[in-house]
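All of the numbers you see were taken from the coordinates with simple rules; none came from a lab. This structure is a prediction, so every number in the text was calculated from the model and none was measured. Note that each Cβ is placed from the backbone with ideal geometry, even for glycine, and that neighbours are counted across all protein chains shown.
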Amino acid sequence: MSTTIDKAAADVFEKAMETIPEQAEKLVIFAWSGELDKLWPTLILATTGAAMGKETTVFFTFWGLFPLVKNEVRLTGDNWMQRMLFVMNRGGDQHLKLSKMNFAGAGPAMMKHLAREHHVASPHELLEMAREMGVKLVPCQMTMDMLGLKREDLIEGLEVPAGATMALAEAQGAITLFI
Amino acid sequence: MSTTIDKAAADVFEKAMETIPEQAEKLVIFAWSGELDKLWPTLILATTGAAMGKETTVFFTFWGLFPLVKNEVRLTGDNWMQRMLFVMNRGGDQHLKLSKMNFAGAGPAMMKHLAREHHVASPHELLEMAREMGVKLVPCQMTMDMLGLKREDLIEGLEVPAGATMALAEAQGAITLFI
Amino acid sequence: MSTTIDKAAADVFEKAMETIPEQAEKLVIFAWSGELDKLWPTLILATTGAAMGKETTVFFTFWGLFPLVKNEVRLTGDNWMQRMLFVMNRGGDQHLKLSKMNFAGAGPAMMKHLAREHHVASPHELLEMAREMGVKLVPCQMTMDMLGLKREDLIEGLEVPAGATMALAEAQGAITLFI
């Protein structure tokens with residue numbers, strides 16, 4: 001008889017469980033800033049999360065999209081406003097600035113040197129690692145439209161561009177950080 | 001008999017469930033920055049969250065309070081320190097700066113132009129939309145006290161000013177972002 | 001008989017519950033910014049969270065580590081690059097700058113004055129309070145290595161330095177904020 005009871009109880013339980021939102025271990029980062037000192041924690045947290053087995057997504061939006069531009073590409077935009085943005089803010093993960101103490105590029109060079117000395121991976125290496133570890137790197141479609149960025153201007157290995165709805169759907173039940 | 005078992009199992013289950021914190025779909029944004037390029041993602045995420053059916057709250061604190069000042073109000077503060085803050089940082093969602101590449105106002109004008117061209121709503125429109133969609137817009141009481149802001153200096157349609165306790169209570173189980 | 005059924009149902013239930021991740025009320029802040037106007041919300045939220053009974057952790061990383069340097073310590077670093085960082089960015093919670101409107105120190109002085117007048121605790125007092133309330137203040141080991149910071153350069157009462165893995169493990173199921 002105990003089997004019957006177990007089965008009945010399990011059925012009731014299972015049905016009830018369906019009403020509880022699923023709780024997979026997830027990490028969703030909204031990468032809004034394009035600067036070196038913000039891209040670093042974004043990618044260190046993303047790769048660490050992936051290494052811990054968390055489903056990890058980075059949604060690159062606004063300034064955050066610039067580091068995903070291919071290093072060899074010189075963007076020109078569709079009009080003088082977009083052109084001006086790219087002159088001031090050349091894309092690519094080799095051309096990043098610091099949010100403070102940039103000193104016309106001396107700051108980032110110094111930071112990278114200190115990192116290398118202490119065996120901290122560069123953003124470029126971390127981006128590679130993240131892709132290999134299955135971190136979903138998602139460019140924001142709306143930002144691409146506003147900036148006149150085309151898919152082929154961006155590095156390989158990214159997910160299909162998407163919007164805020166996708167990011168917020170992923171974010172439910174996840175560790176969420178806006179960086 | 002199976003009815004009895006089901007009932008017994010369901011009772012045990014229900015009692016146990018009460019110990020699990022509720023998991024409504026919620027989004028809580030701490031809007032700390034008053035800049036145009038941060039207010040934009042704040043309001044795009046808030047309205048998207050609301051459209052997805054999430055209970056959405058934006059807690060405006062520190063610099064984040066400035067965009068909520070009525071555009072026609074010129075704040076003077078209660079003393080020279082508050083006055084100086086408002087001279088440097090005129091409130092209102094029509095007077096916002098960019099966090100970088102501000103160029104004495106040319107940057108924000110350019111951004112707004114690009115947005116309009118690509119049918120992205122302005123922060124002013126998004127604030128309206130958010131209110132209409134039932135997003136709770138909560139001004140931080142402590143910041144209002146520090147800055148000498150009165151309720152009538154702020155736009156209509158906001159919730160009663162509150163503190164960090166309210167915001168953290170809302171944040172439990174929610175998607176949380178500090179922008 | 002109803003006891004038997006209850007017992008059977010409870011057993012099935014308990015086993016199934018073990019698969020749901022625990023949901024203690026937790027707050028985890030990634031304190032990346034070292035500035036006065038960011039340290040303030042970090043510590044106000046942390047102490048409020050602790051007062052609400054949440055297990056609260058602040059993970060201090062990158063620029064966020066500077067306010068934890070003892071006020072009386074003058075850091076020199078191990079090489080000219082680290083030295084330069086500390087000349088520009090003297091550590092300690094008495095030497096913090098604002099992220100904007102710093103005016104060579106006039107901004108922070110003004111802010112502190114306004115806060116005092118409105119009975120808002122200073123970052124120094126809030127750090128004390130946080131420690132007394134059992135908030136876990138965790139310095140980031142990797143940042144310490146990069147900056148050449150030693151444990152004895154930092155204030156008392158901190159947890160053992162740790163890495164991103166610890167922070168993300170704490171963050172699962174918590175309110176998470178990157179400030």
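To the nearest ten degrees, helix C:36-51 and the longest principal axis of the Cα atoms of chain C are 30 degrees apart.
With the simple spin-label model, which puts each label point 7 Å out from Cα in the Cβ direction, the A:Gln94 to C:Ala169 separation comes to 3.9 nm. A straight line joining the Cα centroids of segment C:136-172 and segment B:90-164 runs 36 Å.
Each 20 Å bin from 0 upward holds the following percent of the Cα-Cα pairs of the protein assembly as shown: 21, 54, 21, 4, 0.
If you line up the long axis of helix C:106-117 against the longest principal axis of chain C, both from Cα atoms, how many degrees apart are they, to the nearest 10? The two axes meet at around 50 degrees.
Legend: residue pairs A:Lys150/B:Lys112; B:Lys26/B:Lys70; A:Lys26/C:Lys38; B:Lys70/C:Lys112; C:Lys38/C:Lys112, Cα-Cα distance threshold 19 Å; pairs beyond threshold, A:Lys150/B:Lys112; B:Lys26/B:Lys70; A:Lys26/C:Lys38; B:Lys70/C:Lys112. In summary, the aspartates and glutamates within cross-link reach of A:Lys97, defined as a Cα separation below 15 angstrom excluding same-chain residues under 8 places away, comprise A:Glu35, A:Asp37.
With K and R counted +1 and D and E -1, the other residues having a Cβ less than 13 Å from that of C:Lys70 yield a net charge of -1.
Could you identify which residue out of C:Ser122, C:Ser99, C:Ser33 has the top mean-square fluctuation in a GNM of chain C using Cα springs shorter than 10 Å? The residue that fluctuates most here is C:Ser99. With the simple model of a label 7 Å out from the Cα in the direction of the Cβ, A:Ala24 to A:Met133 spans 1.7 nm. Here, segment C:97-179 is characterised by an Rg to Rh ratio of 1.03, where Rg is the alpha-carbon radius of gyration and Rh the Kirkwood radius.
Seen against the Cα atoms of chain C and their longest principal axis, helix C:123-132 is set at about 30 degrees. Other residues whose C-beta falls under 15 angstrom from the C-beta of A:Asn102 contribute a net charge of +4, scoring Lys and Arg +1 and Asp and Glu -1. Note on A:Ala51/C:Glu152: beta-carbon distance plugged into 1/(1 + (r/R0)^6) with R0 of 25 Å gives a FRET efficiency of 0.20.
For segment A:136-176, applying the loop criterion from DSSP together with a ceiling of 10 other beta carbons within 10 Å to the GluC sites (Glu not before Pro) yields A:Glu156. With a cap of 15 neighbouring Cβ atoms within 10 Å, and only residues DSSP puts in a loop, list the trypsin sites (Lys or Arg not before Pro) found in segment A:88-179. Answer in residue order: A:Lys150.
Rg and Dmax of segment B:36-179, both derived from C-alpha coordinates alone, stand at 15.3, 45 Å. Where Lys and Arg each count +1 and Asp and Glu each count -1, what net charge lies around A:Thr57 among other residues with Cβ under 14 Å from its Cβ? Residues close to A:Thr57 contribute a combined charge of 0. Within 10 Å of the Cβ of each residue in A:145-158, the mean number of Cβ atoms contributed by other protein chains is 1.
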